[in-house]
1. Before anything else, pin down the relative contact order of the chain: Cα pairs under 8 Å, at least 6 apart, normalised by residue count, whole percent.
2. Please compute the Kirkwood hydrodynamic radius of the chain from all pairs of different C-alpha atoms, in Å with one decimal.
3. For region 1-55 and region 183-208, what is the centre-to-centre distance using only Cα atoms, to the nearest Å?
4. Which of Arg22, Arg168, Arg195 comes first, and how do the rest follow, when ranked by fewest Cβ neighbours within 10 Å?
5. Just order 7-14, 174-181 by mean Cβ neighbour count inside 10 Å, highest at the front, would you?
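FYI, it's all coordinate maths here, none of it is from the lab. These numbers were taken from a predicted model, which means no experiment stands behind them. For neighbour counting, all protein chains shown are included, and Cβ atoms are generated from backbone atoms with ideal geometry for every residue, glycine included.
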Amino acid sequence: METKHRILVTDDDANVLSLMERVLSDAGFEVETADSGRAAIKKIETGRPEMVTLDLIMPDVDGWGVLAHLRRIPAPPPVLVVTGHPESVGPFSVMASVAAYIVKPFSTVELVTTCRKILTARVPPPPGQENRRDGPRRMFVVQAQVLTPTGERLASGHIVELSPAGIRLDVNLPLSAGQEVEVVFRLPGAKEPIRAKSIVRWQQDPATGLELVGIPPEQEQQLRELVKPLGSTPR
């Protein structure tokens, strides 16, 4: 029998907590819940879930307090931030455990898909298929649009790994090494989406490695902030 992935769902809204527990349980996950940041910290310490969903705005210990605690423990679980206040997301340097975020009200499909992406993205790509560019990188799941160089939409997918120079993208679209496309995605807390020209370096369905080219300096800096290693000191 296949072992179920264990998820800790954290929210102080009882209705949201119940909905997420039901949806994720029906999708095949083993779900535990916490109705406060303090309860989440205790369950993370004792239960070591494989991932955590986290509301940011909570009484007592809020989501920022939970993230600060995760910075102090070894091998913290990845976090999916589920927030009704997208403007409160960031700064990137204190979100080292955050693997993705979705905004309330969310669709159940988006919730389940993002959780699955976070858990499967923890497995590295096959040998020989990884992007070999030097530099820091980080698992981070975010929706993305793939366009032609002239701006025509080709497909939607999910970025599952980011660096300042490249991404690993899950998308059901046949692409060839050397092909040029554009990728559009939005980072948490950013006012404008990133729209970057990209060159396909490798593909093994559904994963595709893209080199980002021509990114404005301020957006490249956003990516650099996002991929700071766990434990780096916020500036």
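1. Numbers: 474 pairs, mean separation 34.4, N = 235.
With pairs under 8 Å counted, the relative contact order is 15 percent.
2. On the way: mean 1/r = 0.0546 Å⁻¹.
18.3 Å is the Kirkwood radius here.
3. 29 Å
4. Values: Arg22 12, Arg168 25, Arg195 17.
Fewest-to-most ranking of Arg22, Arg168, Arg195: Arg22, Arg195, Arg168.
5. Numbers: 7-14: 21.8, 174-181: 13.5.
Ranked by mean Cβ neighbours within 10 Å, highest first: 7-14, 174-181.
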